Every structure is written in C-alpha cells, then in structure tokens.
1. Kindly indicate whether residue 206 is in contact (Cβ under 8 Å) with a residue 12 or more places away in the chain and either out of contact with any strand residue (DSSP E or B) (no Cβ under 6 Å at 6 or more places or on another chain) or not basic (Lys, Arg) (or both).
2. What number goes with the only condition from (1) in a helix (DSSP H, G or I); (2) modelled with pLDDT under 80 that residue 350 does not pass?
3. Could you tell me which of the residues 296, 306 is over 24 Å from residue 60 (Cβ atoms) and either open to solvent by 80 Å² or more (accessible area, probe 1.4 Å) or at pLDDT below 80 (or both)?
4. Any idea which of 138, 109 is among the aliphatic types (A, V, I, L, M) and either touching a residue at least 40 places away in the same chain (Cβ under 8 Å) or touching a strand residue (DSSP E or B) at 6+ places or on another chain (Cβ under 8 Å) (or both)?
5. For residue 316, are the conditions met, namely being modelled with pLDDT of 85 or more and out of contact with any Lys or Arg (no Cβ under 9 Å at 6 or more places or on another chain)?
6. Which residues, counting only those in the stretch 185-203, are acidic (Asp, Glu) and either modelled with pLDDT of 95 or more or in contact with a Leu (Cβ under 9 Å, 6 or more places away or on another chain) (or both)?
7. Quick check, is residue 291 open to solvent by less than 70 Å² (accessible area, probe 1.4 Å), part of a helix (DSSP H, G or I) and at pLDDT 80 or above?
8. Of all the helices (runs of 4 or more DSSP H) wholly in the stretch 107-184, which have at least 1 residues that are touching a Leu at 6+ places or on another chain (Cβ under 6 Å) and surrounded by 19 or more Cβ atoms within 10 Å (Cβ to Cβ)?
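The values are calculated or read from the model by the stated rules, or taken from the named source; none is laboratory data. Given the structure is predicted, the values throughout are model-derived calculations rather than measurements. All Cβ positions, glycine included, derive from the backbone under ideal geometry; neighbour counts span all protein chains shown. Ligands, DNA and RNA are stripped out before the accessible areas are found, and what is left, the full protein with its side chains, is counted by its heavy atoms. Shrake-Rupley method; radii C 1.70, N 1.55, O 1.52, S 1.80 Å.
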Amino acid sequence: MQSTTISMTYTSISENVTANITSDNGTTASSKKVLSLLDQLNQYDEFKAAVVINNYYLYVLCALGIPGSACALITICRMKPLTSSSVYMAMLSLVDAMNLVFKLLYLLLTLYDVRLFDNGCRTMFFLGTFLMHYSNWLLVSMTVERFIAIWFPLQVTKLCTKRRAFINMIVLAIILMALNFQFYWTTIELPHKVYVWQCSFVDEYVHFITKVWYWIDGAAYSIVPFILLLIFNTMIILGIKMASSKQRMLTNKIDKTQNTDKIKHQQQITIMLVSISVVFIILTMPNCAFFIIQDYWDYTKDVHTYAQYFLVYNIVFFLSDLNHAINFYMYFLSGRKFRTMFINMICCCRKKPLRRPYSTTMTQMSSVSMRNGSAFNTTLSSQQDILKNSANGTDHSSNSTVNTIA
C-alpha cells in the first residue's frame with residue numbers, strides 16, 4: 001500500500017466503512033480489492049487534496065502552535081500581579097501545547113503501524129478526547145469569570161481568586177476525566193485488512209459509541225461551550241456599555257479622566273475574550289455540524305462521494321486543531337497588556353548591561369561624602385538613587401528610553 005493513502009489522524013472512520021464503499025460500477029468492493037479501490041480514489045482531486053492535508057497539516061500546526069504556546073506560557077507567568085485570569089490563560093496555553101504534541105504522536109504511531117495494544121488504544125482515546133474537551137472548557141471558565149467581574153464587581157475579590165481558579169480547574173478536569181473514562185472498557189485494538197492494527201470499539205459497545213457517545217462528545221466539545229460563550233460574551237458586552245454610560249453621567253471631569261483608563265482596560269480584556277470566542281466558534285462549529293450531517297450523508301454509495309467525504313473530514317479536523325495553535329497570536333493581536341509584556345520580554349534579552357566602573361565610581365564618591373559629612377551629601381545620594389533606579393529599570397523615563405533604543 002502506498003504511504004500516501006488513508007493514514008488518518010483519527011480512526012473514527014471504522015473498518016466497515018472502507019469495506020462497504022461501492023465502486024463506480026455499483027458493485028461492493030471486497031477486502032481483496034482494497035488496493036484497486038484506493039487506485040480509484042486517487043483519480044479524484046478531492047481525495048488527493050485530502051491526503052495532502054491529512055499527511056502534513058499537523059506538522060504545520062505544531063510548528064506554529066507549540067512555540068506559540070510556550071511563548072504565551074512564559075509571558076503570562078511574567079505578568080505581575082498573577083491574577084486568576086492569568087492562571088486560566090497559562091493553563092490553556094499548556095493544554096493547547098499538549099493537545100498538539102499528543103495528536104502528532106498519535107499520527108506518527110499510526111502512520112508507521114506501531115502496535116499500541118488494548119491499553120495503548122484506550123489511553124490514546126481517553127487523553128486525546130479529554131484534552132480537547134478540557135481546552136474548550138477552560139475558555140468557558142475564563143469567560144464566566146470575566147462576566148462576574150463586569151456584572152458583580154463588588155464580588156470580584158471574593159469569587160475571582162487564584163485559589164478558586166485552581167479549584168475550578170481541578171474539578172473541571174475530574175468531571176471531564178470521568179466523562180471520558182468509558183474508553184477504558186469500550187476500546188480495543190483489532191487487526192485490520194488495510195492497516196496492520198487499528199484502534200476500534202468492542203462489538204457490544206458499538207451502538208453506545210455511535211448513537212449515545214456520538215452526541216455526548218459533540219455536546220461537550222462544541223455545542224455547549226458554543227452556547228455558553230455566546231450568552232456570556234453578549235452579557236459582557238452589554239455590561240461594559242451599561243457601566244460606561246453610568247460613569248459618564250455620574251463622574252466629574254477629573255474622575256472621568258481617571259475612569260477612562262479603567263474603561264479602556266476593561267474594553268481591552270473584553271476585546272481579547274470576544275475575539276478568542278469568535279475564533280473558537282468559527283473553528284469548532286464545522287466539526288459539530290459535520291458529525292450531525294454525517295448520519296444523513298450516504299458517503300459510501302460510490303467512490304467519488306467517499307473522496308468528497310474524506311476531503312470534508314480532513315478540513316473539519318484541520319479547523320478544529322487550528323484552534324489549539326493560534327491562541328498565542330490572538331492574545332498578541334487583541335491584548336495590549338500581553339503584547340507589551342511580550343515585546344518587553346524580547347527586548348530585555350537584547351539589552352546591554354550598564355558599565356560597572358561608572359556606577360562604582362559614583363558609589364565611592366557617595367561613600368567619601370558620607371564620611372566627610374559634606375554639604376552636597378544629599379545631592380549625591382539622590383543621584384545615586386537615580387542611577388540605581390535606572391540600572392534596575394524602575395525609572396519610567398529611563399526605562400522608556402532604553403526600550404526605545406532596543
């Protein structure tokens with residue numbers, strides 16, 4: 001078999017699909033004619049495009065997403081103070097990176113026909129599905145926290161704490177693990193007519209997987225997060241508008257100037273969350289729609305239809321996986337504070353240290369003046385403080401000059 005033929009990232013297209021595809025003349029293709037069937041599929045541009053996407057898209061996403069997630073994680077951890085929102089964002093970056101690494105690992109194992117055995121298949125299905133669910137629900141948790149901050153500002157210090165964020169992430173992980181634990185008794189490795197081995201499902205649980213889990217998975221992965229994000233982001237935008245109107249009517253001119261910065265800060269966070277949510281909806285809803293339509297699409301009636309199905313299948317999963325690779329770039333484009341911190345972090349690595357002899361000379365002069373009780377002791381001491389602050393990057397004007405030069 002050619003290495004470019006059906007080496008899918010996911011094996012949810014079960015063995016009987018391949019066995020039941022009918023050829024162009026209407027006859028059913030037997031397992032002995034699989035190679036000729038693949039030759040027929042290779043005649044269609046849809047299948048060729050699907051194979052290219054399937055074989056290479058994960059490498060591209062990993063090249064973009066893993067470094068991006070690492071940069072996001074480092075930048076967020078350096079942002080002070082570390083808030084509950086920062087904790088969620090850091091965990092989301094970590095989970096996104098794990099998602100991409102895990103998918104690439106599974107692709108390589110199946111591509112080279114590495115036998116996983118029953119427990120390997122169960123672990124792969126369990127962790128793969130759990131990480132996808134967990135990533136989306138972390139985004140929901142971030143949005144709910146932002147909703148609380150906008151609508152219940154007096155309760156923020158009580159409800160939106162780092163401790164509560166950690167507790168929420170642990171509880172969320174336990175719930176989603178319990179939801180996906182069924183893979184440990186429904187999944188098994190079986191010999192395959194085309195591949196050497198394939199992770200499949202125990203016969204007695206096929207009905208549960210195709211009729212029950214089919215909808216549970218879709219709801220947990222896409223449908224419910226989509227609805228919640230739509231509702232809470234709408235409420236956040238309304239809350240921001242209402243708060244801005246009240247502040248404009250009730251505050252005086254000085255307070256307006258002070259509150260304008262607060263309003264802009266709130267708007268920046270809102271823009272970032274709404275942008276990420278919109279991207280999530282765009283990239284994951286095709287996945288949900290595809291698996292709803294799949295039940296009503298007779299894609300095994302002929303070879304050309306199956307080639308079209310295979311193309312749609314790969315595009316859908318490409319879009320879903322893209323969601324785990326672009327969060328860093330969304331943070332950078334829509335979050336001014338995040339963008340500033342990241343740029344400062346990069347520029348900081350390029351800064352040249354101040355020359356030591358000059359600082360030492362001033363320190364010695366200051367020490368001499370202190371011993372002599374000189375009248376200009378206070379002046380030199382002040383100059384020393386300024387130089388120390390400049391060296392430590394705490395003087396705003398000096399810091400701005402250094403950043404500008406860098």
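1. no
2. Single failed check for residue 350: (1).
3. The conditions single out 296.
4. Selected residue: 138, the only one of 138, 109 that is among the aliphatic types (A, V, I, L, M) and either touching a residue at least 40 places away in the same chain (Cβ under 8 Å) or touching a strand residue (DSSP E or B) at 6+ places or on another chain (Cβ under 8 Å) (or both).
5. When the stated conditions are applied, residue 316 passes them.
6. Of everything in the stretch 185-203, just one residue is acidic (Asp, Glu) and either modelled with pLDDT of 95 or more or in contact with a Leu (Cβ under 9 Å, 6 or more places away or on another chain) (or both), namely 189.
7. no
8. Of the helices (runs of 4 or more DSSP H) lying wholly inside the stretch 107-184, those with at least 1 residues that are touching a Leu at 6+ places or on another chain (Cβ under 6 Å) and surrounded by 19 or more Cβ atoms within 10 Å (Cβ to Cβ) span 117-151.
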